[in-house]
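J.: Okay, handing you the structure first.
The values are calculated or read from the model by the stated rules, or taken from the named source; none is laboratory data. Computed from a predicted structure; not experimentally measured. Cβ: placed from backbone, ideal geometry, glycine included. Neighbour counts: every protein chain shown. When the accessible area is computed, the model is the full protein with side chains, heavy atoms only, and any ligands, DNA or RNA have been set aside. Shrake-Rupley method; radii C 1.70, N 1.55, O 1.52, S 1.80 Å.
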Amino acid sequence: MGQITELTQVVPADPGKPVRPEAASSQRTSRELAEHPDTWSHEQADEVVRRYTELAPVWDGDRGGYRSVPLADALQRGGPWPDGLCLEVGCGTGLLSALIQDVWPKVISLDLTWAMLSRSPAAWRVLGDASQLPAGDASAQAVVLADVPLFADEVVRTLTPDGVVVWSNALGEDAPHHVPIETVLGALEKASREDWSAVMSHAGWGLWAVLRRGEAA
Ligand SMILES: C[S@@+](CC[C@H](N)C(=O)[O-])C[C@H]1O[C@@H](n2cnc3c(N)ncnc32)[C@H](O)[C@@H]1O
């Protein structure tokens, strides 16, 4: 397993972190998908769309205040960043798209749920499934995964050899889509049959990791 380097937390966590009652069962599913992506089914996709169609009207109002904190810290401290195309997978309502675009001016923002995606102001929006990314082999220099399922084969297929994966969980280890960084790293290594390394940190209520092929610099 490649090296994981943890940087000191610089953005403190305020009191009042929300609790998501569904987190434990959702984390089991997220971990199962990261380790066994072939278990993804039409029924699961339908359930995602049903759930996020319900949440879409209140997403920004209820959750917009804290979601960008770990990603902003990752983009500030996790570089250097390769130039080129970025795939924002599971972009939701686009809360994070402007931050990403500050680093990668060309961003394709993809989501499975039209009710979420249709609210996004992103320039290039695609309705699609992360298990089949609509991008060519080695076409992206970055893949951003902020609280979405990991389909490592697709991430590895679409990334250039020097590309980066940016992972974040806005509620850290308590986020419904949280998967331990060791598991994310292991899934990327298994999919690529190469060594990867990661830099990670906590920020606010969340955590982030930046993963690259090769050993830590
Ligand atoms: C927790 S929300 C995160 C949204 C956004 N990244 C944010 O941080 O505000 C998860 C999003 O991922 C999308 N999603 C879940 N599974 C997906 C899949 N297989 N392919 C594409 N999008 C997916 C959902 O529709 C939802 O919009």
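J.: Name the single residue that is surrounded by the fewest Cβ atoms within 10 Å (Cβ to Cβ) among those in the stretch 78-94 being of a type in the set (Gly, Ala, Ser) and within 15 Å of Ala170 (Cα to Cα).
T.: It comes out as Gly94.
J.: Taking Ser97 as the residue in question, decide whether it is open to solvent by less than 20 Å² (accessible area, probe 1.4 Å) and without any contact (Cβ under 8 Å) to a residue 24 or more places away in the chain.
T.: no
J.: Something else now. Please work out if Arg20 is basic (Lys, Arg), under 16 Å from the mean Cα position of the chain (by Cα) and within 15 Å of the ligand (Cβ to nearest atom).
T.: no
J.: While we're here: Filter the stretch 54-77 for residues that are out of contact with any Lys or Arg (no Cβ under 8 Å at 6 or more places or on another chain), part of a helix (DSSP H, G or I) and open to solvent by 50 Å² or more (accessible area, probe 1.4 Å) and give the result.
T.: Glu54, Pro57, Val58, Gly61, Asp62, Gln76, Arg77
J.: If you don't mind, another one. Counting just the residues of the stretch 34-53 that are hydroxyl-bearing (Ser, Thr, Tyr) and near the ligand (Cβ under 10 Å from one of its atoms), which one comes out most open to solvent (accessible area, probe 1.4 Å)?
T.: The selected residue is Thr53.
J.: So if I check each of Ala175, Ala138, which one is touching a helix residue (DSSP H, G or I) at 6+ places or on another chain (Cβ under 8 Å), open to solvent by less than 20 Å² (accessible area, probe 1.4 Å) and not aromatic (Phe, Trp, Tyr)?
T.: From the options Ala175, Ala138, the qualifying one is Ala175.
J.: Tell me, please, whether a residue that is in a helix (DSSP H, G or I), farther than 30 Å from Thr5 by Cβ and touching a residue at least 40 places away in the same chain (Cβ under 8 Å) can be found in the stretch 34-45.
T.: Yes - at least one qualifying residue is present in the stretch 34-45.
J.: On to the next question. Among the residues of the stretch 178-199 satisfying the criterion of being surrounded by 21 or more Cβ atoms within 10 Å (Cβ to Cβ) and within 22 Å of Thr160 (Cβ to Cβ), which is nearest to the chain's Cα centre (by Cα)?
T.: Per the stated criteria, the residue is Val184.
Rundown of residues vs (1) at positive phi; (2) in contact with a Lys or Arg (Cβ under 6 Å, 6 or more places away or on another chain), yes/no style:
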residue: Ser109; (1), (2): no, yes
residue: Met116; (1), (2): no, no
residue: Gln132; (1), (2): no, no
residue: Ala138; (1), (2): yes, no
residue: Asp147; (1), (2): yes, no
residue: Asp153; (1), (2): no, no
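J.: Among what's in the stretch 164-175 and is outside any loop (DSSP other than H, G, I, E, B) and within 12 Å of the ligand (Cβ to nearest atom), pick the residue that is nearest to Pro80 (Cα to Cα).
T.: Looking at residues that are outside any loop (DSSP other than H, G, I, E, B) and within 12 Å of the ligand (Cβ to nearest atom), I get Val166.
J.: Only one of (1) under 18 Å from Leu159 (Cβ atoms); (2) of a type in the set (Gly, Ala, Ser); (3) touching a Gly at 6+ places or on another chain (Cβ under 7 Å) is not met by Gly128, so which one is it?
T.: (3)
J.: Do we have Pro70 as farther than 24 Å from Ala152 by Cα and modelled with pLDDT of 95 or more here?
T.: no
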